[in-house]
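*Asks:* The structure's right below; bear with me while I get my questions together.
The values are calculated or read from the model by the stated rules, or taken from the named source; none is laboratory data. Predicted model only: the values in this text are computed from it and were never measured. Don't worry about glycine lacking a Cβ; one is built from the backbone with ideal geometry, like all the others, and counts go over all protein chains shown.
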Amino acid sequence: MHVTSVMALLKNILIFSQLLISARSINIIFFPCDTDENTTSVDCSNRPLKNVPLIKSTTVVTLNLSRTKIREVEQHDFAGVPNLETLEMMGNCLPGKLRDLEELACKMKIDPYAFKSLLKLRELSLSGNSLTSIPWLPESLRILDLRNNRIFHIIHPLNTPHLEKLVLSNNCFYANPCNQSFYISESVFRGLPNLSNLTLGYNNLTAVPKGLPPSLTSLDLRENTITEIEEGAFANLTVLKELNLEWNCQRCDHAARPCFPCPQKLPLKLHANSFFAENSSITSLSLRGNSLKTFPDNLFTPLKNLKYLDLSDNLLAYTIQNGTFFSELKGLTWISLIYNYEPLKTLKELNISQHIGNISGLQYLLLSGNFFHRLSTESLTVLSNLKNLKKLELRMNFINTCNLSALKKLPSLIDIDLSQNLLNFLPCCSSPSEIMTLQGSCQNQDLHTDNFGDQPVTVIDEEVTLESDIRESNQSDVLEMLGDNVSQFPSPWDFRNHFCWNKLTFDLSQNDILFLRKDVFLGMENAVCLDLSFNYMSQALKSGVFDNMKKLVYLNLSYNRLDLYYEDAFSELKNTLKVLDVSNNEFHFKMRGMGHRFEFLKNLTNLEVLSLANNGIGMRIDQRLISSSLKYLYFYGNQLNIMWESDNNKYIHFFQNLTNLIYLDISSNDLKSISPEVLCNLPGSLRGLSINKNHLNYFPWNNISVLSNLYYLSLSENEFSYLPEIVIEFGANFSFLDLSHNHISSIPENFFKKAKSLKFLYISHNNIKELNQQYLPAPFKNGSALQKLTLHANIFKCDCDTSWFADFLRTTPVEIPYLTTYVRCEFPESKQGESILSVDQRSCQDIYGSLAFLICSFLAVTFTVLPLLKHLYGWDMWYCLQVLWAGYKGYSQLAGTDSQYHYDAFVVFDTSNKAVRDWVYNELTANLENLGNRKFSLCLEERDWIPGLSCIENLHSAVYNSVKTVFVLSSGFNGGERVNGVIRQAFFMVQQRLLDEKVSKMHFSFS
């Protein structure tokens, strides 16, 4: 047994050594927390920790303890990390209504000197902990975040002279009420000479705080209850660049959240010198949502450097038409005037003050939500001086008439957003009567007001606009992006971002367009991208509709009712169109008996991306799609289950003639299986194939080798329960396989044997219970190309037989997301919910050693005690067993005269007891020896014993020559009378005979 155990141990060591050779370890030294390879950053977030983990390391500089169950921080909890620079403890106990219902009683307590040992701490985030006071802070601190607490009265200095950023927002507002005004002492600001960023939003401040540090470059006072900006309120803030005063006197008729207007619904009171400062540096100012109706003269004059101004959600409708404040904003590049409509009023046409022409450098003008019907030539003439204007947003205005040709006066304009209006015909109309005829019944503004009036406000503000700079710097050829990241393929939206970036784009989505013809696109001849989605177009497209669109590259016609029957549809765009989205046009495809054709595809010789998704395509269509240019096809949300039925081979070659197809998405097609014939007739050029969200339980793995260029295969959210136990001929470039969200219970060894280039394997959300250590799949072994492996949400067994797997996870160089948080045990029940990394192989050795000790101890005690018990109580136990056996077996008839015994029974009685003597001779002997057919031979002491022999000899002869011994006992036996010696000696002899012959020879009779 010992030799076998040693051999098994050596075998495990050899197998495991194969996994460990030259492996780069994932550092879990601070388990259950994650850390990087150099143990400089420790992440303990989103774990059910109840105490600060004990970490002792001089290399740790970043520690994240956010969203845990920690409720108390003691004084010496961070003594082991003296070089810590960044500490995050956010969202451990949110205050007020921000808290989960299950944590109504949570309370966070931090020792006042908990951070005293962190003398190098630079960033401290304590937001969302319901703190009521600020603990002692190290002088080295640069950033302090105290959002979402209950700190609203600060009078003592923070003693952090190097602090640069202080966030105190959300400490007193409707979701975290404090029932008092927020207060911060001037002495606090005096102790912060280097503070540059101060955030005090959502705090019930009633006035701009006094004594603000002159070093501030950013000040956020949004959503307070400030009713007035006094003159010179920011006069000492000469380096201030960003000032946010939005939502202090809120406009409530358009509010998406709880709204709190100023008393009597008055606007925020501004003075001419409210923003005055010598050599003001403000570049960004937000006055959004303050119920403003007008501005004091020269309010913006001191703001010589102002670039971004947000005036949205006010009541500036008439000021926009007639105001002169635009003349004070000559350096502006971005302005938002959205949702400044006058309640219950809709203007006839867009009317903007001519003074806006003075903002010659303006690039972004946002005019959504101002409610007017007409965008006339005169309206746009006012904007003609804005030669640098790039974006004009006119969304949600109920526009039903416009002249897009007038936009040509704006030479730099590249982004025109006219979505969510009432446009149903978009030419430059010749007469008002024609306009009215074309507009039909779409003049019901009240209906559309009801539809859109309660929608949440969507505003493109500074941050969104500036995001474009980031996007520009990251531009690359989207068609080649797969070379950099094989784990994903672009979505249709990615192509819009790519092809339309910095190109002339018209967004006419969510209008009332019923029919397309040439004159609809007057003024849009140079458009590169056109979005016509979410309209009401119900027509069979023919050639000529887009004749004037000579540069169109991107066309979105999704969410309409188009019929694509005619072969010449879109033919005028054959030289330019690269992206066509006709998804969600299912109306005609679901008409019973109606035929459909896709012959138009072969004419679009430059088309690279096509979306036919969510059309319910399933029958009476062309047998093949034909295109030599198409690279990306989105065909999800259709009915390939009907097209590829087992008894129907009509559409087996449906995708075969897409000879340059790179990516095919056929998810959500209700497929239960893919036949070998279907797979073999997919385009050989395919690199990516997505078949997610079907009901697949079978896939022809044996035939996957025909797709020699395939390196991306996604089969998630299906119903696979197993993988075949065969070697699959994956292609040489096969890199990505997603099998997540299935019902797979095991990973066969041979399945991945030839997947030598596999880099990404997703098998999370399955029913995998364990992996066989001796037959590990190839990707799990050392030297494989695997880079990322998902294992979470499986039903792993955690016992000593699978403890090797925990060691494998600790040492593998493969990236495993959620390793320390969601790769958990499900079996046995005692370990359910625990991390699989908590299983330690050494503890299993301890378990086996303890078990061996118990077994050996039991055997030693057993073999020592049993002989002793036998020696002391053996005869008694044997006697009791024989008595019990005799009682169970019962009594049988005595042997006859032919028996080996001389007597049938030896009758033992007290011869001196006259009553007993008379009963034996007169009744017992008379009845047994003289009556009946069977006469018994009895041995009696006075009659049959041999004279001259000793009593013992006669007694021994009588007992051993009789089949049974009958003891006749008088009532005096039980009453305490002494038994004579013959009876006593006979009893002992019968007992001895019982031990020798293993048969009961004793009967008792009481008289």
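Okay, residues lined up against (1) closer than 25 Å to R257 by Cβ; (2) surrounded by fewer than 21 Cβ atoms within 10 Å (Cβ to Cβ); (3) of a type outside the set (V, I, T); (4) modelled with pLDDT under 95:
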site	(1), (2), (3), (4)
K116	no, yes, yes, yes
E123	no, yes, yes, no
S127	yes, no, yes, no
T132	no, yes, no, yes
D145	yes, no, yes, no
F152	yes, yes, yes, yes
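*Asks:* For the range 829-853: of the residues being modelled with pLDDT of 85 or more and part of a loop (DSSP other than H, G, I, E, B), which is surrounded by the fewest Cβ atoms within 10 Å (Cβ to Cβ)?
*Replies:* Going through the qualifying residues, I end up with G833.
*Asks:* Take the range 493-531 and flag every residue that is in contact with an Asp or Glu (Cβ under 9 Å, 6 or more places away or on another chain) and among the aliphatic types (A, V, I, L, M).
*Replies:* Scanning the range 493-531 gives L504, L508, L530.
*Asks:* Among (1) surrounded by fewer than 19 Cβ atoms within 10 Å (Cβ to Cβ); (2) modelled with pLDDT of 95 or more, there is one condition E729 misses while meeting the rest; what is its number?
*Replies:* (2)
*Asks:* So how many residues does the range 676-719 have that are among the hydrophobic types (A, V, I, L, M, F, W, C) and over 18 Å from S757 (Cα atoms)?
*Replies:* Kept after step one, since they are among the hydrophobic types (A, V, I, L, M, F, W, C), are these residues of the range 676-719: 678-680, 682, 686, 689, 691, 696, 699, 701, 704, 706-707, 710, 713, 715.
Next, from what is left, pick out any that are over 18 Å from S757 (Cα atoms): 678-680, 682, 691, 696, 699, 715.
Summing the residues that are among the hydrophobic types (A, V, I, L, M, F, W, C) and over 18 Å from S757 (Cα atoms) in the range 676-719 gives 8.
*Asks:* Is it the case that Y636 is surrounded by 19 or more Cβ atoms within 10 Å (Cβ to Cβ) and touching a helix residue (DSSP H, G or I) at 6+ places or on another chain (Cβ under 8 Å)?
*Replies:* no
*Asks:* Checking the condition aliphatic (A, V, I, L, M) and over 19 Å from S571 (Cα atoms), which residue from L508, L532, L541, L555 passes? Walk me through it before giving the result.
*Replies:* On the way: L532 fails: over 19 Å from S571 (Cα atoms); L541 fails: over 19 Å from S571 (Cα atoms); L555 fails: over 19 Å from S571 (Cα atoms).
Just a single option satisfies the conditions, and that option is L508.
*Asks:* Which one of S957, S912 is under 21 Å from Q991 (Cα atoms), at pLDDT 80 or above and of a type in the set (S, T, N, Q)? Lay out the reasoning, then the answer.
*Replies:* Details: S912 fails: under 21 Å from Q991 (Cα atoms).
None of the others qualify; the one that does is S957.
*Asks:* Counting only residues that are in contact with a strand residue (DSSP E or B) (Cβ under 7 Å, 6 or more places away or on another chain) and among the β-branched types (V, I, T), which one in the range 62-77 is surrounded by the most Cβ atoms within 10 Å (Cβ to Cβ)?
*Replies:* V73
*Asks:* Moving on to the next point. Scan the range 779-787 and give yes if some residue there is modelled with pLDDT of 90 or more and under 19 Å from D34 (Cβ atoms), otherwise no.
*Replies:* Within the range 779-787 (the criterion being modelled with pLDDT of 90 or more and under 19 Å from D34 (Cβ atoms)), the answer is yes, since at least one residue qualifies.
*Asks:* Here is a further query. Checking the conditions here, which among G80, G91 is assigned to a loop (DSSP other than H, G, I, E, B) and either surrounded by 22 or more Cβ atoms within 10 Å (Cβ to Cβ) or over 28 Å from the mean Cα position of the chain (by Cα) (or both)? Don't jump to the end; show me each part of the working.
*Replies:* Working: G91 fails: either surrounded by 22 or more Cβ atoms within 10 Å (Cβ to Cβ) or over 28 Å from the mean Cα position of the chain (by Cα) (or both).
Within the list G80, G91, the selection yields G80.
Residues are listed down the side, and each one gets a yes or a no for (1) farther than 22 Å from N38 by Cβ; (2) in contact (Cβ under 8 Å) with a residue 24 or more places away in the chain:
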{"site": "V81", "(1), (2)": "no, yes"}
{"site": "M89", "(1), (2)": "yes, yes"}
{"site": "K97", "(1), (2)": "yes, yes"}
{"site": "K107", "(1), (2)": "yes, yes"}
{"site": "P112", "(1), (2)": "yes, yes"}
{"site": "E123", "(1), (2)": "no, yes"}
{"site": "S133", "(1), (2)": "yes, no"}
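*Asks:* Does A755 satisfy the criteria of being more than 18 Å from F808 (Cα to Cα) and at pLDDT below 95?
*Replies:* So A755 passes the test.
*Asks:* Would you mention how many residues in the range 752-761 are buried (at least 22 other Cβ atoms within 10 Å of the Cβ) and among the hydroxyl-bearing types (S, T, Y)?
*Replies:* Qualifying residue count for the region: 0.
*Asks:* Moving to a separate point now. So, in the range 46-77, how many residues would count as being within 29 Å of the chain's Cα centre (by Cα) and in a loop (DSSP other than H, G, I, E, B)?
*Replies:* Initially, the range 46-77 is screened for residues within 29 Å of the chain's Cα centre (by Cα), giving 46-55, 60-73.
Filter once more, keeping what is in a loop (DSSP other than H, G, I, E, B): 46-55, 60-61, 65-71.
Qualifying residue count for the region: 19.
*Asks:* Something else: Looking only at residues in the range 786-805 that are farther than 20 Å from D738 by Cα and touching a strand residue (DSSP E or B) at 6+ places or on another chain (Cβ under 9 Å), which one is surrounded by the most Cβ atoms within 10 Å (Cβ to Cβ)? Walk me through it before giving the result.
*Replies:* From the range 786-805, those farther than 20 Å from D738 by Cα are 797-805; that's our starting set.
When the remaining residues are screened for being touching a strand residue (DSSP E or B) at 6+ places or on another chain (Cβ under 9 Å), the result is 797-799, 802, 805.
Numbers: K797: 17, C798: 24, D799: 14, T802: 22, F805: 22.
Here the residue is C798.
*Asks:* Still on this structure: Going through L299, L243 one at a time, which residue ends up being in contact with a His (Cβ under 9 Å, 6 or more places away or on another chain) and of a type outside the set (V, I, T)?
*Replies:* Details: L243 fails: in contact with a His (Cβ under 9 Å, 6 or more places away or on another chain).
Just a single option satisfies the conditions, and that option is L299.
*Asks:* Oh, and also: Regarding A569, is this residue touching a Leu at 6+ places or on another chain (Cβ under 6 Å), within 16 Å of N615 (Cβ to Cβ), in contact (Cβ under 8 Å) with a residue 24 or more places away in the chain and buried (at least 16 other Cβ atoms within 10 Å of the Cβ)? Write out each step before concluding.
*Replies:* Working: touching a Leu at 6+ places or on another chain (Cβ under 6 Å): yes; within 16 Å of N615 (Cβ to Cβ): yes; in contact (Cβ under 8 Å) with a residue 24 or more places away in the chain: yes; buried (at least 16 other Cβ atoms within 10 Å of the Cβ): yes.
Spelling it out, A569 is indeed touching a Leu at 6+ places or on another chain (Cβ under 6 Å), within 16 Å of N615 (Cβ to Cβ), in contact (Cβ under 8 Å) with a residue 24 or more places away in the chain and buried (at least 16 other Cβ atoms within 10 Å of the Cβ).
*Asks:* Can you tell me which of (1) part of a helix (DSSP H, G or I); (2) farther than 30 Å from A256 by Cα; (3) in contact with a strand residue (DSSP E or B) (Cβ under 9 Å, 6 or more places away or on another chain) is the one Q321 doesn't meet?
*Replies:* In the conditions (1) part of a helix (DSSP H, G or I); (2) farther than 30 Å from A256 by Cα; (3) in contact with a strand residue (DSSP E or B) (Cβ under 9 Å, 6 or more places away or on another chain), Q321 misses (2) alone.
*Asks:* Here's a follow-up. Looking only at the range 487-536, which residues are closer than 30 Å to Y711 by Cβ and assigned to a loop (DSSP other than H, G, I, E, B)? Walk me through how you get there before you give the answer.
*Replies:* So in the range 487-536, the residues closer than 30 Å to Y711 by Cβ come out as 487-501.
S487, Q488, F489, P490, S491, W501, listed by residue number.
*Asks:* Follow-up question, since we're still on this one. Output yes when any residue across the range 22-39 is modelled with pLDDT of 95 or more, charged (D, E, K, R) and in a loop (DSSP other than H, G, I, E, B), and no when none is.
*Replies:* First pass over the range 22-39, keeping only residues modelled with pLDDT of 95 or more: none.
Checking the range 22-39: not a single residue is modelled with pLDDT of 95 or more, charged (D, E, K, R) and in a loop (DSSP other than H, G, I, E, B).
*Asks:* Filtering the range 244-270 down to residues that are charged (D, E, K, R) and not in a loop (DSSP other than H, G, I, E, B), which residue is nearest to the chain's Cα centre (by Cα)?
*Replies:* First pass over the range 244-270, keeping only residues charged (D, E, K, R): 246, 251, 253, 257, 265, 269.
Pick out the ones that are also not in a loop (DSSP other than H, G, I, E, B) and you get 265, 269.
Details: K265: 44, K269: 47 Å.
Ranking the qualifying residues of the range 244-270, first place goes to K265.
*Asks:* Same structure again: Is it the case that the range 771-785 has a residue that's surrounded by 15 or more Cβ atoms within 10 Å (Cβ to Cβ), more than 23 Å from the chain's Cα centre (by Cα) and aromatic (F, W, Y)?
*Replies:* Looking for residues that are surrounded by 15 or more Cβ atoms within 10 Å (Cβ to Cβ), more than 23 Å from the chain's Cα centre (by Cα) and aromatic (F, W, Y), one finds at least one in the range 771-785, hence yes.
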